[in-house]
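Below: the structure, in structure tokens.
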Amino acid sequence: MSKTRLIAGAMSGTSADGVDVVIGRIEGSGLNLSACVVGHHHRAYPKDLAAWIVKLREDGHTTLGEMAELAREISLVYAAAINEAMMAAHLSASDLTAIAAHGQTLFHSPPATIQWIDPALLAAETGCAVISDFRRADCAAGGQGAPLVPFADFVLFRHAQKNRVLLNIGGIANLTYLPAVAKMEEVIALDTGPGNCISDWLCRRFRPNGPPYDDGGAMALRGKIIEQVVKRVLNGPFFKKAAPRSTDGPHMIEAFRDGFDSALGDHKIENLLATACAITVGAIKFSMQQLPKQPDELIVSGGGTKNQAIMGGVKDSAGSCRVLLTDDLGIASASKEALAFAMLGVATLDGTPANVVSATGAYRAVVLGQITPKP
């Protein structure tokens, strides 16, 4: 008889805007899983906590005491978000098999990586077992520790006739290539480069009193692309690497800054934002051109789907490929990554290796995550 489990997948992306929680109903085991979203909830980080995370990620300066306190503050937001998600879905801790919590990425430069959370505190605050620290086992096996979502992409979206690419545009953009009738070892996945991270950084720097993002990409759409900067950045070493590859926001922001001969303040913010979006789109286009076959469908998710400058560029560069959102296939864009971590949590509980070695570069498949028991 097929197992049915309720798992709360919880994650906070590199944009550090807050915690997304998906309560997923997951049936089956191994690679024979099906999943649906029971409920989705987002809880924003308090402004001071978000600013703390962003500053630490950008300059790397802290103390041991601050690191300990930061783990506590992040974990309490995770706990509040999960408890609110359970309440909204009319569920209690006893209804959940476990929580799969990604934690807040503070640093990622493989094999070193930090996804910061206190799983024992999260377990105590929610009354649930917690699965966390998903990246380290892959890094220990020689992998990049990212991307990890290809496991869920393979399980949920592979198709018998269609070649598909799953593109997630968060702080960083990443894609998963699923050839028709794909086997796990045929999956290709990689970070293409920046998603929203450069645009968000520009908004924080030049509009400190405004929202820390370009709402809908409206400012970028009014700007003029600085073409020589786009070319210079996309000729950088990261974008020439073959898969598997992964990166982090601070590296992409540094590459953007290095692309200018003049001070950023000499340019209009609209032009800087237009240029940042063009780099995101150019990196996605180049990565797709390196695939063995061009996809029949490009299925997009993540916060970047709201940025019309990015999405317009993605659609323009897709050619004859049909561009969809995951929403069109029954999974809300904002829910996809948290649902993926719920599925990774099930794999951990079942002892199923869930790193896609062709995506991470690990030399063996491994079971991901560490389990903190229910209090």
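The values are calculated or read from the model by the stated rules, or taken from the named source; none is laboratory data. Computed from a prediction, not measured in an experiment: that's the story for all the values here. Heads up, the Cβs are rebuilt from the backbone with ideal geometry, glycines too, and the neighbour counts pull from every protein chain shown. Side chains included, ligands, DNA and RNA excluded: accessible areas come from the protein's heavy atoms. Shrake-Rupley method; radii C 1.70, N 1.55, O 1.52, S 1.80 Å.
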Filter the stretch 37-76 for residues that are among the hydroxyl-bearing types (Ser, Thr, Tyr) and not in a helix (DSSP H, G or I); the one that is least open to solvent (accessible area, probe 1.4 Å) is TYR45
Hey, among SER358, SER335, which residue is more than 25 Å from ALA8 (Cα to Cα), touching a residue at least 24 places away in the same chain (Cβ under 8 Å) and either charged (D, E, K, R) or assigned to a helix (DSSP H, G or I) (or both)?
-> SER358
For the stretch 77-110 the number of residues that are outside any helix (DSSP H, G or I) and farther than 21 Å from THR348 by Cα is 9
Are any of the residues in the stretch 258-276 closer than 23 Å to GLY13 by Cα, under 19 Å from the mean Cα position of the chain (by Cα) and hydroxyl-bearing (Ser, Thr, Tyr)?
-> no
Would you confirm whether any residue within the stretch 14-25 is modelled with pLDDT of 95 or more, out of contact with any helix residue (DSSP H, G or I) (no Cβ under 7 Å at 6 or more places or on another chain) and among the acidic types (Asp, Glu)?
-> no
Looking across the stretch 87-116 at residues that are free of Cβ contacts under 8 Å to residues at least 40 places away in the same chain and touching a Phe, Trp or Tyr at 6+ places or on another chain (Cβ under 7 Å), the single one that is most open to solvent (accessible area, probe 1.4 Å) is ILE114
Identify, please: which residue in the stretch 319-347 is among the hydroxyl-bearing types (Ser, Thr, Tyr) and surrounded by 21 or more Cβ atoms within 10 Å (Cβ to Cβ) and is, among those, farthest from ARG43 (Cα to Cα)?
-> THR326
Which of the residues spanning the stretch 13-36 are open to solvent by 60 Å² or more (accessible area, probe 1.4 Å) and among the aliphatic types (A, V, I, L, M)?
-> LEU31
Counting residues that are open to solvent by 50 Å² or more (accessible area, probe 1.4 Å), out of contact with any Phe, Trp or Tyr (no Cβ under 7 Å at 6 or more places or on another chain) and acidic (Asp, Glu), which helices (runs of 4 or more DSSP H) fully inside the stretch 227-317 reach at least 2?
-> 249-258
In the stretch 209-226, what residues are assigned to a loop (DSSP other than H, G, I, E, B) and open to solvent by less than 60 Å² (accessible area, probe 1.4 Å)?
-> GLY210, PRO211, ASP214, GLY223, ILE226
Would you check which residues across the stretch 230-249 are out of contact with any His (no Cβ under 9 Å at 6 or more places or on another chain) and of a type outside the set (Gly, Ala, Ser) and list them?
-> VAL230, LYS231, ARG232, VAL233, LEU234, ASN235, PRO237, PHE239, LYS240, LYS241, PRO244, ARG245
Cross-chain or 6+ apart pairs with Cβ under 7 Å, the stretch 254-280 first and closer than 16 Å to TYR213 by Cα, then open to solvent by 30 Å² or more (accessible area, probe 1.4 Å) and in a helix (DSSP H, G or I) | ILE269/PHE206; GLU270/ARG222
Which one of these does ALA79 not meet: (1) in contact with a Ser or Thr (Cβ under 9 Å, 6 or more places away or on another chain); (2) open to solvent by 40 Å² or more (accessible area, probe 1.4 Å)?
-> (2)
Subset of the stretch 59-76 (residues that are touching a helix residue (DSSP H, G or I) at 6+ places or on another chain (Cβ under 6 Å) and of a type in the set (D, E, K, R)) | GLU73
What about SER358, is it at pLDDT 95 or above, polar (S, T, N, Q) and either within 24 Å of ILE188 (Cβ to Cβ) or touching an Asp or Glu at 6+ places or on another chain (Cβ under 8 Å) (or both)?
-> no
